[in-house]
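Asker: So that we are looking at the same thing, I have put the structure below in structure tokens.
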Amino acid sequence: SQKIEQNSEALNIQEGKTATLTCNYTNYSPAYLQWYRQDPGRGPVFLLLIRENEKEKRKERLKVTFDTTLKQSLFHITASQPADSATYLCALPTGGFKTIFGAGTRLFVKA
Amino acid sequence: DAGVTQSPTHLIKTRGQQVTLRCSPKSGHDTVSWYQQALGQGPQFIFQYYEEEERQRGNFPDRFSGHQFPNYSSELNVNALLLGDSALYLCASSLESVGYGSGTEAFFGQGTRLTVV
């Protein structure tokens with residue numbers, strides 16, 4: 001069955017540094033991959049979508065890469081700020097209309 | 001635009017009881033998906049409704065059922081509640097796009113925190 005793996009350990013970085021989060025998947029070749037942000041007690045908020053024919057996508061301080069050979073996506077936040085502290089989820093369509101999510105990586109940005 | 005709204009925000013039920021959760025999609029959205037999110041886990045797909053029909057279902061038992069109304073709002077019903085059903089239930093709405101693979105952004109509600117005791 002399809003599986004998504006994200007860093008289970010929390011990521012702690014200093015303000016101003018670049019945070020890099022990893023999403024690996026198996027047994028699937030998705031047409032696209034999405035990244036969401038989730039704050040405690042809230043629903044996920046869509047950030048970026050990258051398609052299988054795109055290597056890289058940027059939005060303000062966010063950058064996503066998608067390597068379909070490695071079955072991996074990297075999510076970067078440059079010039080990180082304490083307000084970026086949250087859980088970041090990657091999500092894939094798995095055929096039909098179903099989307100699966102990773103467990104998420106918790107990011108803490110220290111001032 | 002109020003976005004996706006869910007009710008209630010919190011709920012406590014006893015094992016064996018039944019519960020109904022409600023969702024109003026973002027204005028203009030016609031597709032509603034429901035997810036269950038246990039603590040420390042990612043959202044797990046329960047099912048998706050479009051044109052008042054369940055068109056795909058995840059690995060959840062028949063105790064989980066739903067409905068979509070003509071105004072696109074939706075309900076999630078869970079019968080014979082188990083302790084393991086305690087979780088955050090999320091509703092996500094989207095606009096039906098041109099076929100699979102187009103990548104539709106989903107807008108999530110704040111969720112309903114269900115506790116089964």
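The values are calculated or read from the model by the stated rules, or taken from the named source; none is laboratory data. Note that the coordinates shown come from a computational prediction; the quantities given were computed from them, not determined experimentally. Reconstructed Cβ throughout: ideal geometry from the backbone, glycine too, with neighbour counts over all protein chains shown. We work out accessible area using only protein heavy atoms, side chains counted, and drop any ligands, DNA or RNA first. Shrake-Rupley method; radii C 1.70, N 1.55, O 1.52, S 1.80 Å.
Asker: Could I get the Rg over Rh figure for chain A? Both from C-alpha atoms, Rh via Kirkwood, rounded to two places.
Answerer: Rg/Rh for chain A comes to 0.95.
Asker: At what distance in nm do the modelled label points of A:S8 and B:S7 sit from each other, each positioned 7 Å from its Cα along Cα→Cβ?
Answerer: 4.0 nm
Asker: Now for a different question. So for B:S24, A:S80, what's the accessible-area order with a 1.4 Å probe, most first?
Answerer: The ranking, largest first, comes out as B:S24, A:S80.
Asker: Further question on the same structure: Quick one: net charge of A:K110's neighbours, Cβ under 13 Å, K/R +1, D/E -1?
Answerer: Spelling it out: positives minus negatives among the neighbours equals -1.
Asker: Using a basic spin-label model with each label point 7 Å from the Cα along Cα→Cβ, how many nm lie between B:T14 and B:R113?
Answerer: So the two model labels end up 2.3 nm from each other.
Asker: Can I ask one more? Report the percentage of all Cα-Cα pairs in segment B:8-59 whose separation exceeds 15 Å, rounded to a whole percent.
Answerer: Percentage above 15 Å: 62.
Asker: Using only the Cα atoms of the protein assembly as shown, construct the convex hull and provide its projected area averaged over every direction, in square nanometres to one decimal.
Answerer: Average of the hull's projected areas for the protein assembly as shown equals 12.6 nm².
Asker: Quick check for chain A: number of Lys pairs with alpha-carbon distance under 27 Å, counting only pairs 8 or more apart or on different chains?
Answerer: So the count of such lysine pairs works out to 25.
Asker: Run through the DSSP bridge list for the protein assembly as shown and note the antiparallel percent, rounded to the nearest 5.
Answerer: Restricted to the protein assembly as shown, the bridges split so that about 90 percent are antiparallel.
Asker: Where Rh denotes the Kirkwood radius from the mean inverse Cα pair distance, what is Rg over Rh for segment A:3-65?
Answerer: In segment A:3-65, Rg relative to Rh is 0.96.
Asker: Let me know the volume per residue of the alpha-carbon convex hull for chain B, in Å³.
Answerer: Looking at chain B, the number lands at 102 Å³ per residue.
Asker: From largest accessible area down, sort B:T14, A:T99, B:T31; use a 1.4 Å probe on the protein chains.
Answerer: Accessible-area ranking of B:T14, A:T99, B:T31, largest first: B:T14, A:T99, B:T31.
Asker: Expressed as a whole number of Å, what is the distance separating the alpha-carbon centroids of segment B:45-117 and segment A:1-58?
Answerer: Between the Cα centres of segment A:1-58 and segment B:45-117 lies a distance of 22 Å.
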